[in-house]
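Q: Take this structure first; my questions come after.
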Amino acid sequence: MSEHVVIIGGGAIGSSIARYLTQPEAQAARPCRVTVLERDFSYARASSALSASSIRQQFSTAINMAISAYGIGVLRDAERELAVPGEPPPCVGLHEGGYLYLATPAGEGVLRDNHAVQRAAGADVALLTPGELRARFPWLCTDGLALGSLGLSGEGWFDGYSLLQAFRAQARAQGACYVAAEAVGFEVENGLSRSSIKRIKLSNGEQIDADVVVNAAGPWARAVAGWAGIDLPVFARRRTVFHVTCPEPLPRCPLLIDPSGIWLRPEGTGFITGFAPHADQDGDELPLDEPDHHAFEDFVWPRLAERIPAFEALRLQRTWAGYYEMNTFDQNAIIGPHPACDNLIFANGFSGHGLQQAPAVGRGVAEWIAHGGYRTLDLSPLGWARVLANQPLVEKNVI
């Protein structure tokens, strides 16, 4: 009988892993049954469905840039890459509008340092002076700015929910079994130096045998790790998104990152915007039905109007909130096994980058399970070793 791999969480990360793990190459290396446990097939609270769904190459670490380079290739070729026989080709709505990072004099050095690293890695990015920014984006106020960094290709936004559904549809077509169930605990066998998960307990009282368990539980991954006695530094942090319209068009508007921490990108005939709160403003698992409306009036709108004068006349259309699965250790993903449990694989803590990193992480985790190691892309820099050694992998941010 083939082994049984159980993935806890059927969002973009879990479904990407299931998709790769059920492909012929992985099955030839390690034949297995794949079951995905997802407690809510409506994905009403899933980060994959509530995300701003964007991808960038502008990181400062080699591993994150490599992950994004792989991801943009999958998104560009989604109609072929994610096709299901007999079904219409999937459309993920990729728009390579670029990221535009803006820097004050205080952040100019970091932007230049990041640019050198990005160019060396092959990223298609350009540094723009305030004058060049005004020429390219006449609607942009450059007061107080020293420099901008614009992604010319390989960056932009897409339909995250469609990507999730494409991963899910292909995984199911290849034999993955999706089960509407909520995992609530593990039955663990303890050894001399490490433990092993034997069964997964479900909320309905049933249990599922498992040879390998993947923690892809998103914002709720910390609880899953705790069932195996592992302390995972991942928390559900609420982020609010505001959908606005403006009577004046903003030609060639990219995804803009302001030094204030506010971001903005086009969405249909309008825009979506939001911001990353300071760490001391964060609370764990704040209610999603209570978006931060005060922040829009007190902070987001005034700052946007300073940067984009036309936004004095913007109109708020709707607001929603979703969770980041925030890794409070270093805000990077934690991927792979933990030395304390030999058959529990982690894919957690993406801190807002989960959708764009799902293609590469799905392939990498599937390779680790099927082959015992990474083949396409070495994800070991994102493994547990850095966490256990207290050596954070830190991105150099402009803001």
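Q: Just to be sure I understand, how many residues within the stretch 312-327 are out of contact with any Lys or Arg (no Cβ under 7 Å at 6 or more places or on another chain) and either open to solvent by 30 Å² or more (accessible area, probe 1.4 Å) or not in a strand (DSSP E or B) (or both)?
A: 9
Q: Right, here's the next one. Conditions: (1) out of contact with any Cys (no Cβ under 8 Å at 6 or more places or on another chain); (2) modelled with pLDDT of 95 or more. Ser47 meets all but one. Number of the miss?
A: (2)
Q: Do the conditions hold for Thr376, that is, is it over 18 Å from the mean Cα position of the chain (by Cα), open to solvent by 50 Å² or more (accessible area, probe 1.4 Å) and not hydrophobic (A, V, I, L, M, F, W, C)?
A: Yes.
Q: How many of the residues making up the stretch 287-311 are within 26 Å of Pro254 (Cβ to Cβ), touching a residue at least 24 places away in the same chain (Cβ under 8 Å), part of a helix (DSSP H, G or I) and not aromatic (Phe, Trp, Tyr)?
A: Of the residues in that region, 8 qualify.
Q: Just wondering, is there one or more residues in the stretch 6-27 that are open to solvent by 40 Å² or more (accessible area, probe 1.4 Å), in contact with a strand residue (DSSP E or B) (Cβ under 8 Å, 6 or more places away or on another chain) and of a type outside the set (Val, Ile, Thr)?
A: Among the residues of the stretch 6-27, not one is open to solvent by 40 Å² or more (accessible area, probe 1.4 Å), in contact with a strand residue (DSSP E or B) (Cβ under 8 Å, 6 or more places away or on another chain) and of a type outside the set (Val, Ile, Thr), which makes the answer no.
Q: Which residues, taken from the stretch 328-341, are open to solvent by 10 Å² or more (accessible area, probe 1.4 Å) and free of Cβ contacts under 8 Å to residues at least 60 places away in the same chain?
A: Scanning the stretch 328-341 gives a single hit, Pro337.
Q: Is there any pair with a first residue in the stretch 360-389 that is of a type in the set (Phe, Trp, Tyr) and a second that is at pLDDT 95 or above and surrounded by fewer than 17 Cβ atoms within 10 Å (Cβ to Cβ) whose Cβ atoms are under 8 Å apart and which are 6 or more apart or on different chains, and what are they?
A: Here the result reads Tyr374/Ser380; Trp384/Pro339, each pair linking the stretch 360-389 to a residue that is at pLDDT 95 or above and surrounded by fewer than 17 Cβ atoms within 10 Å (Cβ to Cβ).
Q: Within the stretch 88-114, how many residues are touching a helix residue (DSSP H, G or I) at 6+ places or on another chain (Cβ under 7 Å) and open to solvent by 70 Å² or more (accessible area, probe 1.4 Å)?
A: Count: 2.
Q: In addition: I'm trying to understand the selection: among the residues of the stretch 355-399, which are in a helix (DSSP H, G or I) and of a type in the set (Gly, Ala, Ser)?
A: If the condition is that a residue be in a helix (DSSP H, G or I) and of a type in the set (Gly, Ala, Ser), then Ala358, Ala360, Gly362, Gly364, Ala366, Ala370, Ser380, Ala385 are the ones that fit.
Q: So the check is Cβ under 8 Å with 6+ separation or different chains; which pairs have a first residue in the stretch 30-47 that's under 18 Å from Leu288 (Cβ atoms) and a second one that's of a type in the set (Asp, Glu) and part of a loop (DSSP other than H, G, I, E, B)?
A: So the pair list comes out as Arg39/Glu182; Ala46/Asp40.
Q: Of all residues in the stretch 72-89, which are outside any helix (DSSP H, G or I), touching a residue at least 24 places away in the same chain (Cβ under 8 Å) and closer than 22 Å to His353 by Cα?
A: Passing the criteria: only Leu82.
Q: Only one of Gly156, Gly148, Gly131 is open to solvent by less than 40 Å² (accessible area, probe 1.4 Å), free of Cβ contacts under 8 Å to residues at least 24 places away in the same chain, of a type in the set (Gly, Ala, Ser) and closer than 18 Å to Leu256 by Cα. Can you tell me which?
A: None of the others qualify; the one that does is Gly131.
Q: Of all residues in the stretch 177-186, which are open to solvent by 50 Å² or more (accessible area, probe 1.4 Å) and not charged (D, E, K, R)?
A: Listed by number, the residues that qualify are Cys177, Ala180, Val184.
Q: Limited to the stretch 342-363, what total is found for residues that are open to solvent by less than 20 Å² (accessible area, probe 1.4 Å), farther than 16 Å from Val234 by Cβ and either more than 15 Å from the chain's Cα centre (by Cα) or of a type in the set (Ser, Thr, Tyr) (or both)?
A: The qualifying residues number 1.
Q: Another question about this same structure. Out of Val110, Val6, Val92, which single residue is in a loop (DSSP other than H, G, I, E, B) and either more than 24 Å from Ser380 (Cα to Cα) or over 16 Å from the mean Cα position of the chain (by Cα) (or both)?
A: Just one listed residue meets the conditions, Val92.
Q: Hey, another quick one. Output the residues belonging to the stretch 229-252 that are open to solvent by 20 Å² or more (accessible area, probe 1.4 Å), in a strand (DSSP E or B) and within 30 Å of Ser195 (Cβ to Cβ).
A: Phe235, Arg237
Q: Counting just the residues of the stretch 187-212 that are open to solvent by 70 Å² or more (accessible area, probe 1.4 Å) and of a type in the set (Ser, Thr, Tyr), which one comes out modelled with the highest pLDDT?
A: Ser203
Q: Please go through the stretch 47-67 and pick out each residue that is part of a helix (DSSP H, G or I), in contact with a helix residue (DSSP H, G or I) (Cβ under 6 Å, 6 or more places away or on another chain) and of a type outside the set (A, V, I, L, M, F, W, C).
A: The answer is Ser47, Ser48.
Q: Further question: Do you know which of the residues in the stretch 219-259 that are more than 17 Å from the chain's Cα centre (by Cα) and aromatic (Phe, Trp, Tyr) is nearest to Ser48 (Cα to Cα)?
A: Phe242
Q: I would also like to ask the following. Output the residue which, of all residues in the stretch 137-189 that are part of a strand (DSSP E or B) and under 24 Å from Asp124 (Cα atoms), is nearest to the chain's Cα centre (by Cα).
A: Here the answer is Trp157.
The values are calculated or read from the model by the stated rules, or taken from the named source; none is laboratory data. It should be emphasised that the depicted structure is a prediction, and the values quoted were computed from it without experimental measurement. Please note: Cβ atoms are built from the backbone with ideal geometry, for glycine as well, and neighbour counts cover all protein chains shown. To get the accessible areas, we keep the full protein, side chains included, count just its heavy atoms, and leave off ligands, DNA and RNA. Shrake-Rupley method; radii C 1.70, N 1.55, O 1.52, S 1.80 Å.
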